[in-house]
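K.L.:
This is the structure, below, for whatever I ask next.
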Amino acid sequence: MNSDKTTSLPFVLLLLGITLVGLLAGLFAWKTFSSPTTTAQAMPPDVANHYIPDGRPVVGIQMTDQDGQPFTEARFKGKWSFLFFGFTHCPDVCPTTLLILKTVWDKLPAEARQAPEPQMIFVSVDPERDTPALLKSYTHFYNPEFMGMTGPADKLDILTTQVGALYGYEDGDKEGEYTVNHSAQIVLIDPKGRFRAVFTTPHQVDEIVNGFVAIRDYYAKHQESRK
Amino acid sequence: MKKVSLLSLCFLLTWPVGQTVAAGLAVSGAWIPEAPPVAKVMAGYLTIKNNGSKPVTIKTVKSPDFGAIEMHETVTEDGFSKMIRHTSLTIEPGKQAVFQHGGMHLMLFRPQHAMKQNDLLTITLETSDGPVSFQAKVKPATLDEDHSHQH
């Protein structure tokens, strides 16, 4: 009598029905309750346009800051750093980038500028002419909070290669004036000293402000706890 | 027609920042962003319109206020910025050359003295149609590019 009941068609259909409902319920629950922010596609556009998910630590840095002090990767730790490349004999692109970053600085919301404050660093790729003292005077004209740094070519290359920046010297004219071609992107280093984001040209103040705020938030939620 | 032109010329000459009509070229909105005092190179931005009936070529640019002046163009491709020097610039009749951030600019080498906001500096374009002199005003360094209508 039992075997009749357990193998009868209606009973089998019922079992199948329950299994199907169970599967559908499970699928529904998984889709509804799985956190969307654990997937890469869930990065907001402000972040996704600039973020480097597997950012690598920038290491081996031996530059000189505007006070003539050594600048190593230890000084990236604990704060966000904006880096951009140029030279003081640059009339157009570099002053424009400095102005962009000054405007970004002024527009950052309070919580994005709270201690530790981000540092804005102008890296000169023209160490022959741009001494630390000159760099300090130059960058401070745009914002006294900004910092300059430079180093000889071999030390510069250690930094530039790790953040995908290029530079090259044009031949000088008869007065000895030469220009330096250089990458114009703005690079973001995270508080663990990793190459974390890039803002490419053409630079827009709002894009950088919104991008940085979104990146900070995203980083705090997803990266900070990682090694 | 002549009377109107003369009146226009007088009117133009009264503008504080010289819009100069000479030969076929008209220069307007010439300005120099204030730069750090230590800067050895500054930029000049302006609009040059050819109101004449034949092409005009600018060969050299000079000023008593700068050691040398060159015409350059910023070209940024794939995030890499270069400056291309233009040793001459020809403006066709009815056309204009706009010098602005991220594009053509005058590269002003070796400022001969300190330059502060509101200073007026005299610059001369040596052209195929004779010299064209104008005054460029030193203004606060800003991102605002629209100085062409400010005087």
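The values are calculated or read from the model by the stated rules, or taken from the named source; none is laboratory data. In this text the structure is predicted, and so the values were computed from the model without any measurement. Positions of Cβ are backbone-derived with ideal geometry, glycine not excepted, and every protein chain shown enters the neighbour counts. In case anyone asks, the SASA skips ligands and DNA or RNA and just uses the protein heavy atoms, side chains included. Shrake-Rupley method; radii C 1.70, N 1.55, O 1.52, S 1.80 Å.
K.L.:
Whose amide H sits under 5 Å from the amide H of A:G148, counting only residues 5 or more places off or on another chain, with H placed in the peptide plane?
P.N.:
A:Q66, A:F122
K.L.:
Spelling out what I want: for every residue of region A:58-67, take phi, set θ = phi - 60°, compute 6.51 cos²θ - 1.76 cosθ + 1.60 (Karplus), and round to whole Hz; glycine and proline get x.
P.N.:
Result, rounded to whole Hz: 8, 10, x, 7, 9, 9, 10, 7, 5, 9.
K.L.:
To continue, here is another question. What does the average come to when, for each residue of peptide A:134-142, you count the partner chain Cβ atoms lying within 10 Å of its Cβ?
P.N.:
Mean number of neighbouring Cβ atoms from other chains: 3.
K.L.:
Follow-up. Enumerate the amide H contacts of B:H86 below 5 Å, restricted to partners 5 or more residues apart or on another chain; note that Pro and chain-start residues carry no placed amide H.
P.N.:
Correct list: B:M71, B:H72, B:E73.
K.L.:
What is the mean number of Cβ atoms from other protein chains located within 10 Å of the Cβ atom of each residue in peptide B:39-45, rounded to a whole number?
P.N.:
Values: counts 10, 6, 10, 3, 6, 1, 1.
So the per-residue partner count for this stretch is 5.
K.L.:
If you take the Cα atoms of the protein assembly as shown, find Rg, then find the Kirkwood Rh from the mean of 1/r over all pairs, what is Rg/Rh?
P.N.:
Details: Rg = 29.3 Å, Rh = 24.1 Å.
When Rh is taken as the Kirkwood radius, the ratio is 1.21.
K.L.:
Oh, and also: Tell me, what ³J(HN,Hα) does each residue in region B:38-45 have, in order and in whole Hz, if you take phi through Karplus 6.51 cos²θ - 1.76 cosθ + 1.60 with θ = phi - 60° and put x for Gly and Pro?
P.N.:
Each residue of region B:38-45 in turn: 7, 5, 9, 9, 10, 10, x, 10 Hz.
K.L.:
Choose one answer from A:L135, A:L83, A:L16: the residue with the largest mean-square fluctuation in a GNM of chain A with alpha-carbon springs under 10 Å.
P.N.:
A:L16
K.L.:
Would you please put A:149-161, B:114-126 in order of how densely packed they are, using the mean number of other Cβ atoms within 10 angstrom per residue and starting with the highest?
P.N.:
With the highest mean Cβ count within 10 Å placed first, the list reads A:149-161, B:114-126.
K.L.:
Can you run phi through the Karplus equation (6.51, -1.76, 1.60; θ = phi - 60°) for region A:131-141 and list ³J(HN,Hα) in whole Hz, with x for Gly and Pro?
P.N.:
Result, ordered by residue: 6, x, 5, 5, 4, 4, 4, 5, 5, 5, 4 Hz.
K.L.:
Classify region B:45-151: rounded, prolate or oblate, from the alpha-carbon gyration tensor (a ≥ b ≥ c, eigenvalue square roots; a/c under 1.5 rounded; otherwise prolate if a/b is larger than b/c)?
P.N.:
rounded
K.L.:
Please average, across the residues of A:176-182, the number of beta carbons from any other chain that are within 10 Å of each residue's own beta carbon, and give a whole number.
P.N.:
Across A:176-182, the average partner-chain Cβ count within 10 Å equals 4.
K.L.:
Would you calculate, for the protein assembly as shown, the mean residue ellipticity at 222 nm contributed by helices, counting each DSSP H stretch of 4 or more residues as -39,500 (n - 2.57) and dividing by all residues, to the nearest 500?
P.N.:
Numbers: 8 runs with 101 residues, N = 378.
Value at 222 nm, helices only, nearest 500: -8500 deg cm²/dmol.
K.L.:
Right, here's the next one. Under a straight-distance cross-link criterion of Cα-Cα below 12 Å, which aspartates and glutamates are reachable from B:K54, leaving out those fewer than 8 residues away in the same chain?
P.N.:
Candidates past the 8-residue exclusion: B:E92, B:D129.
K.L.:
Another question about this same structure. Please list the non-local residues whose amide H lies under 5 Å from the amide H of B:T60, H modeled 1.01 Å from N, same-chain partners needing a gap of 5 or more.
P.N.:
Excluding prolines and chain starts, which carry no amide H, the hits are B:E126.
K.L.:
Averaged per residue, what accessible surface does the protein assembly as shown expose to a 1.4 Å probe, in Å²?
P.N.:
That works out to 51 Å² per residue.
K.L.:
Taking every pair of distinct Cα atoms and averaging 1/r, then inverting, what Kirkwood hydrodynamic radius in Å comes out for region B:33-78?
P.N.:
13.8
K.L.:
Pairs A:K136/B:K82; B:K62/B:K137; B:K40/B:K137: which are spaced more than 20 Å apart, C-alpha to C-alpha? Walk me through the numbers on the way to the answer.
P.N.:
Numbers: A:K136/B:K82 24 Å; B:K62/B:K137 16 Å; B:K40/B:K137 18 Å.
The answer is A:K136/B:K82.
K.L.:
For the ranges B:75-83, A:122-130, what's the packing order if you count other beta-carbon atoms within 10 Å of each residue, average per peptide, and put the highest first?
P.N.:
Ranking the peptides B:75-83, A:122-130 by packing returns A:122-130, B:75-83.
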